[in-house]
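Here is the structure we will look at.
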Amino acid sequence: MRDEDVAGADRVCLDVLFQLAPDEDEPARAARQHARIRHLLDTDQGGCWVAEHDGAVAGVALALAREGIWGFSLFGVARELQGRGVGRELFERCWTYGEGARGHIVLSSENPAAMRRYARAGLAIRPCVAAAGVADLSRAPDGDGVQEAGEDGIALADAIGRELRGAGHGRDLPVAMAHGARLLVLEDRGFALARGGSLLLLGARDADAAQRLLWAVLGSAGPGATVAVDFLTAGQDWALPVILDAGLDLSPDGPMFAGGALGPMTPYVPSGAYL
């Protein structure tokens, strides 16, 4: 990938992976996604690949490496080229970038070909559910102790990420925060990254802290706003009482594929962009 490929890579993924919300600000969305892609191009150039067709970007695959943990951040192939081996070649280049990593993480879409590719790489499947809806906050605990920390919270989030995932998040958090994400912390017990009522990343040292942070994210959305929590794997049972008490609906989500020497990964909700 080169810098001039960023906009084209985003267009491919918008077409095949993401759905623009009716009230979403498209320039803000594009700026946020372009910053995400450029960040990985800066930090992980060897893990950033595109496929071209007729002079335009028709496929993209982005991988990152953090302290020995490899993550597959973004993957999309134009519809007209799907089933022709383009995705396989893109993934293989990113997989090679992670050669020597002690742990691997992929947050998969529900695309059968993608799931088959990750399974054939030797990664174990971890089924996931998602939760969404308008949150009922009548059972929420008081928010005492949960604070918006800004950049002052990055060191804590980095340390907790290292304990839970096996690699810190400090290198990536400022990019999300520069485009509207808020970093919440609860003492030295946990952190959550959120945008609106959507949870982007959460890690905690105990289940009670994780629950309090999740309630804080749901409550920050505002009255009547739709909230979302994605990629809840087995082992994240701490989240279910919050989700059920808030009246959110559970649904199947694309699975996580993981392997190697990762941390305990709980209480933990991974980031789709930075895992």
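The values are calculated or read from the model by the stated rules, or taken from the named source; none is laboratory data. Because the structure is predicted, anything quoted here is derived from the model rather than measured. Please note: Cβ atoms are built from the backbone with ideal geometry, for glycine as well, and neighbour counts cover all protein chains shown. Just so you know, the surface numbers come from the protein's heavy atoms only, side chains and all, with ligands and any DNA or RNA stripped out. Shrake-Rupley method; radii C 1.70, N 1.55, O 1.52, S 1.80 Å.
The long axis of helix 207-219 is offset from the longest Cα principal axis of the chain by roughly 80 degrees.
For the chain, the longest principal axis of the alpha carbon atoms and the long axis of helix 26-43 meet at an angle near 70°. Per-residue ellipticity at 222 nm from helix content only, as computed over the chain with -39500 (n - 2.57) for each DSSP H run of at least four residues, stands at -9500 deg cm²/dmol. Sorted from longest to shortest, the spans of the Cα atoms of region 181-232 along the three principal axes equal 30, 21, 18 Å. Here the dipole of the chain is about 800 debye; that uses its Cα centre as origin and unit charges on the Cβ of Lys and Arg (positive) and Asp and Glu (negative).
Using a 1.4 angstrom probe on heavy atoms only, work out the carbon and sulfur share of the accessible area of the chain in %. Accessible surface attributable to carbon and sulfur in the chain totals 49 percent. Short-range pairs are left out: with C-alpha atoms under 8 Å and at least six residues apart, the relative contact order of the chain is 22 percent. For region 1-101, the square roots a ≥ b ≥ c of the C-alpha gyration tensor eigenvalues yield an a/c of 1.5 or more together with a/b not exceeding b/c, which makes the shape oblate. What region 148-226 shows is 37 Å² of accessible area per residue, with the surface traced by a 1.4 Å probe over protein heavy atoms. Please calculate the 1.4 Å probe accessible area of Asp142, with all protein chains present, and give it to the nearest 10 Å². Near enough 100 Å² of accessible area.
Computed over neighbours whose Cβ is under 12 Å from that of Leu262, the net charge equals +3, Lys and Arg +1, Asp and Glu -1.
Across all Cα pairs in region 104-237, the calculated P(r) in 5 Å bins from zero up to the longest distance comes to 2, 10, 18, 21, 20, 15, 9, 4, 1, 0 percent per bin.
In region 41-149, the convex hull through the Cα atoms has an average projected area of 11.0 nm², a quarter of its surface area.
With the Kirkwood sum run over all distinct C-alpha pairs, region 166-275 has a hydrodynamic radius of 14.4 Å.
Principal-axis analysis of the Cα atoms of the chain puts helix 86-97 at an angle of about 70° to the longest axis.
A 1.4 Å probe over all protein chains sorts Arg79, Arg162, Arg32 by accessible area into Arg79, Arg162, Arg32, starting with the largest.
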